[in-house]
Amino acid sequence: MSIRVLVADDQPIVRSGLTMLLDAQPDIDVVGAAADGREAVRLARQLRPDVGLFDVRMPVMDGIEATRQLAGPDVEDPLPIIVITTFDLDEYVHGALKAGARGFLLKDAGPDLLTRAIHAAAEGDALIAPSVTVRLLATFATSRAEAARQPLEPLTAREEEVLVTVARGRTNDEIASELFITTSTVKAHLASLMRKLGARNRVEVAMWAHETGRV
């Protein structure tokens with residue numbers, strides 16, 4: 001089955017370009033396109049797409065607020081959202097991830113990385129542009145004044161290893177190869193980490209690792 005995607009960008013040429021690029025993929029179908037964040041929220045609730053691809057800077061309501069309304073901590077059935085922007089700014093990444101985004105990409109990422117991010121979000125995974133992953137999460141961590149929350153249960157030695165690789169932006173397959181375990185075992189450790197840390201996705205797991213100085 002195709003991954004149903006909702007695109008939101010205030011620039012018609014960018015919106016059309018993203019739509020054409022994604023529709024050209026055999027297993028991705030763009031089901032709607034919005035010109036601002038408010039329209040994106042309305043269409044998302046109406047069309048129930050599998051993934052949202054939202055620009056940060058949009059009129060009426062920006063992409064971060066739209067993400068918060070559709071994927072924030074209080075949302076019962078969050079929509080996997082990838083935030084995409086021209087601007088490599090710390091506050092945008094910080095805001096997007098805290099709002100519940102599953103991924104963050106720059107518009108120069110290229111078709112391959114964009115497609116991978118769509119698939120990752122649809123599968124409950126997350127992908128952040130490699131150029132910003134470690135630097136921005138580390139910057140966010142060092143700027144936090146409050147103490148990071150403690151896990152509900154102590155982490156095992158293997159969970160600590162998986163935690164560090166997640167924080168470094170590794171995919172499940174890369175983690176499996178690096179730690180000499182199976183992909184299904186990686187997923188099991190990730191599920192345990194999310195439960196113990198009260199995290200909803202691997203982005204929040206990575207953020208916790210940086211907050212606690214593990215990377």
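The values are calculated or read from the model by the stated rules, or taken from the named source; none is laboratory data. Because the structure is predicted, anything quoted here is derived from the model rather than measured. Cβ atoms come from the backbone with ideal geometry, glycine included; neighbour counts cover every protein chain shown. To get the accessible areas, we keep the full protein, side chains included, count just its heavy atoms, and leave off ligands, DNA and RNA. Shrake-Rupley method; radii C 1.70, N 1.55, O 1.52, S 1.80 Å.
Can you give the calculated 222 nm mean residue ellipticity of the chain, where each DSSP H run of n ≥ 4 adds -39,500 (n - 2.57) and the sum is split over every residue, rounded to the nearest 500 deg cm²/dmol?
Value at 222 nm, helices only: -15500 deg cm²/dmol.
For a quick check of your reading of the filter: which GluC sites (Glu not before Pro) in the stretch 1-97 sit in a DSSP loop and have no more than 10 other Cβ atoms within 10 Å?
Of the GluC sites (Glu not before Pro), the ones in loops of the stretch 1-97 whose Cβ has at most 10 other Cβ atoms within 10 Å are 76.
May I ask for the net charge around residue 201, where only other residues with Cβ less than 13 Å from the Cβ of residue 201 are counted and Lys, Arg are +1 while Asp, Glu are -1?
Once all neighbours under 13 Å are counted, the net charge is +3.
Local charge sum around residue 60 (other residues, Cβ-Cβ under 14 Å, Lys/Arg +1, Asp/Glu -1)?
Residues close to residue 60 contribute a combined charge of -4.
Under a plain spin-label model, where a point goes 7 Å from the Cα along Cα-to-Cβ, how far apart in nm are residue 181 and residue 152?
1.9
List every residue whose amide H lies under 5 Å from the amide H of residue 30, counting only residues 5 or more places away in sequence or on a different chain, with H placed 1.01 Å from N in the peptide plane.
For residue 30, whose amide H was placed from the backbone, the distant partners under 5 Å are 5, 23.
Counting Lys and Arg as +1 and Asp and Glu as -1, each charge on the Cβ, what is the dipole of the stretch 42-103 about the Cα centre in debye, to the nearest 20?
220
If one takes the longest principal axis of the Cα atoms in the chain, at what angle in degrees, from 0 to 90 and to the nearest 10, does the Cα axis of helix 202-211 lie?
Roughly 50 degrees between the two axes.
How far, in nm, would the chain grow between residue 57 and residue 1 when pulled straight, counting 0.36 nm per residue and subtracting the alpha carbon separation?
17.0 nm
Need one number: nm distance between label points at residue 195 and residue 164, each 7 Å from Cα along Cα→Cβ, rounded to one decimal.
Distance between label points: 2.5 nm.
If N is the number of residues in the chain, what value comes out of its Cα radius of gyration divided by 2.2 N^0.38 Å?
0.99
If you place +1 on the Cβ of every Lys and Arg, -1 on the Cβ of every Asp and Glu, and leave all else neutral, what size is the dipole of the chain about its Cα centre, to the nearest 20 Debye?
For the chain, the charge dipole is close to 340 debye.
Can you tell me the dipole magnitude for the stretch 1-109 around its Cα centre, using point charges on the Cβ only (Lys, Arg +1; Asp, Glu -1), in Debye to the nearest 20?
Dipole magnitude for the stretch 1-109 comes out near 200 debye.
For residue 11, enumerate residues with amide H under 5 Å from its amide H, sequence gap 5+ or separate chain, H modeled in the peptide plane.
For residue 11, no residues qualify.
List the residues, sorted by chain then number, that are 5 or more residues from residue 106 or on another chain and whose placed amide H is less than 5 Å from its amide H.
85, 129
In the chain, what percent of the accessible surface is made up of carbon and sulfur (1.4 Å probe, ligands and nucleic acids excluded)?
So the carbon and sulfur contribution to the accessible surface is 53 percent.
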